[in-house]
Amino acid sequence: MRLRVDRRRCAALVLGLALALGIGAQESGATPVAPPDLVILHFNDFHGQVLPHRVEDLPGRPVKWMGGYPALHRVVRETRERHGDERVWVTNGGDWYQGTPEGNADRGRGIVELFDHLGVTVSVLGNHEYDHGEDSLLGILAHARHPILGANVRDAGAPADPDRVRPHLLPYVVRVVAGLRVAVVGLVTRDTPTMSTGPFGGAAFVPEERALRDLMPALRRSADAVILLTHCGLADDRALARAFPDLTLILGGHSHTFVRRPLREGPVWIVQSGARGAALTRLHLRVREHPRRLEVVDFAFLELPALEQPEPRADGFVRERFGALAASWDAPIAEVDGDPDTRRGPGSTPGGNFLCDLLREAGQAEVAVTNKGGIRDVFPHGPLTRRRVFEIVPFDNTVVTLEVRGRDLRAALAHGLASPLGPLEIAGASYEYVVRDGRRELGRVEIGGEELRQDRIYRVATNSFLAAGGDGHEAFKAGKELGRSETYIRDLVVQAALARKKIRLSADPRVRFSP
């Protein structure tokens, strides 16, 4: 028996299914019927990754070298050669520099020069841009050759004015695409004061939705379409898309999410490109009529393996701007062995154990704790270099020793368990947790083999970020400060590595799930 296929009927069914599923664009390299009016290349959370880095935490994938400025530069160059400079925007979603020697050597200035060299069209602030204080940041912004956005960064204590933001920042820019006025609005997470070290000078961070709502009357007068460039995280981007369904697109950052497939909230597209220059998102857009609007017609998520062939212009910039750093940062200083290190996770990690042991020793404390968010990479087996130490603990944190009452220490551990950033790493103690209704709840805490006593005062060492209430750890602010080191924690690691010559990691389960 031979089946007859009605091709027009099948095509209509396929189109109907696509519309029902919200698939309104072609994906992953499919060629649009007509050339795009606009091509956007979006990356976020670059974190100073001028050089390629090892990727070890992609499930089911082998270890490989990814990113680096030359790989990013090649895709941008080839896209501009194909579509023309005027049709290609390069957008950057914040957290520009914190995380590598190249990024931190001059507190981000070199990375902004790199963005200018790449021809970035527009950037948004990230929370880590404030890690060396607002004065340092404003000095960088004054020299940037492309617009930097931060619509919800206002003058603290001043009357609400959506058009008034901090010096050298803009709330939005408007560019014309095929006769259509397109506004790009920049928003940074409202949690910046708890996620960066500051000081924040005269800056206040208005909740993103409120800031955008304040800005909407001006946007409706000056633009026909609105794109958000955000450093707020995927969950907040989705909330913004639901609150403002007239948006065309959200170009996101902050949560380091690899959005490999198109993501939609109603009619609004949302993208994010992972982190550290390991990927780039390419979007093709066209101006449509009746009603006149901007529409995404093609999406591709492009992984960026490290280049094996030269990219002369980018290679030359890297050598000239950052080449002098290599000699002092890439020589081995120790060997690492023992249990394999892991990234974050719901329990203690070998790297976290080692760092907490180091903090406890340096602070001459009974207990030491540190946050997983401050540990940005794993300790590798084999040679350890100053560069890798920097990539593991890049922040300018020092050791602070506190007197902390037992109930406040318990509150801090409970807060860590409840946070999406993960439980606190610990030394000199251990604790258990259970999961109820999808939430982690603190159980037994032992210090020196004895159960924690609520009213006893403990000598606790932690990093200066947590001691100041970072990540919402207000409990540590109730402690009495006994002293603080003048040495950055990463330098303590280097000193320990040079003295010991060998670092042995231990997977001692200090944070345990209790079923």
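The values are calculated or read from the model by the stated rules, or taken from the named source; none is laboratory data. Everything numeric in this text was worked out from a predicted model, so none of it was measured. Methodologically, a virtual Cβ is constructed for each residue, glycine included, from the backbone with ideal geometry; neighbour enumeration extends over all protein chains shown.
Scanning region 106-125 for residues that are among the aliphatic types (A, V, I, L, M) and in a helix (DSSP H, G or I) returns I111, V112, L114, L118. Inspection of region 305-328 identifies no residue that is among the polar types (S, T, N, Q), closer than 19 Å to I503 by Cα and modelled with pLDDT under 95. Listed conditions (1) acidic (D, E); (2) assigned to a helix (DSSP H, G or I); (3) over 24 Å from G68 (Cβ atoms) are all met by E320, apart from (3). Scanning region 429-463 for residues that are under 18 Å from A475 (Cα atoms), within 31 Å of the chain's Cα centre (by Cα) and polar (S, T, N, Q) returns T462, N463. The residues of region 59-105 that are more than 30 Å from A34 (Cβ to Cβ), more than 20 Å from the chain's Cα centre (by Cα) and part of a loop (DSSP other than H, G, I, E, B), listed by number, are G60, R61, P62, V63.
May I ask you to verify whether T248 is buried (at least 21 other Cβ atoms within 10 Å of the Cβ) and under 27 Å from the mean Cα position of the chain (by Cα)? So T248 does not fit the description; no. Among the residues making up region 141-168, those that are modelled with pLDDT under 95, on the phi < 0 side of the Ramachandran plot and either surrounded by 15 or more Cβ atoms within 10 Å (Cβ to Cβ) or hydroxyl-bearing (S, T, Y) (or both) are R154, D155, P162, V165, R166. Residues that are of a type in the set (A, V, I, L, M) number at least 2 in the following strands (runs of 3 or more DSSP E) confined to region 235-277: 249-251, 268-271.
Would you be able to say whether some residue in region 447-455 is closer than 14 Å to L358 by Cα and touching a residue at least 60 places away in the same chain (Cβ under 8 Å)? Looking through region 447-455, none of the residues is closer than 14 Å to L358 by Cα and touching a residue at least 60 places away in the same chain (Cβ under 8 Å). Scanning for something part of a strand (DSSP E or B), surrounded by fewer than 21 Cβ atoms within 10 Å (Cβ to Cβ) and modelled with pLDDT of 50 or more, does region 29-41 turn up at least one residue? Yes, that holds for at least one residue. When you check H254 against the structure, is it touching a Pro at 6+ places or on another chain (Cβ under 9 Å), touching a residue at least 60 places away in the same chain (Cβ under 8 Å) and over 18 Å from A71 (Cβ atoms), yes or no? For H254, the condition - touching a Pro at 6+ places or on another chain (Cβ under 9 Å), touching a residue at least 60 places away in the same chain (Cβ under 8 Å) and over 18 Å from A71 (Cβ atoms) - is not met. Taking region 280-313 as the range and being touching a residue at least 24 places away in the same chain (Cβ under 8 Å), over 26 Å from the mean Cα position of the chain (by Cα), more than 23 Å from V177 (Cα to Cα) and surrounded by fewer than 17 Cβ atoms within 10 Å (Cβ to Cβ) as the test, the residues that pass are P310, R313. Going through (1) in contact with a helix residue (DSSP H, G or I) (Cβ under 6 Å, 6 or more places away or on another chain); (2) more than 23 Å from D508 (Cβ to Cβ) one by one, G422 falls short only on (2). For region 174-231, filtering for residues that are within 29 Å of R87 (Cβ to Cβ), among the hydrophobic types (A, V, I, L, M, F, W, C) and surrounded by fewer than 18 Cβ atoms within 10 Å (Cβ to Cβ) leaves 5. Can you give me the number of residues within region 217-251 that are farther than 19 Å from V124 by Cβ and touching a residue at least 60 places away in the same chain (Cβ under 8 Å)? Qualifying residue count, region 217-251: 1.
Quick check: is even one residue across region 85-99 of a type outside the set (D, E) and at pLDDT below 95? So far as region 85-99 goes, yes, one or more of its residues are of a type outside the set (D, E) and at pLDDT below 95.
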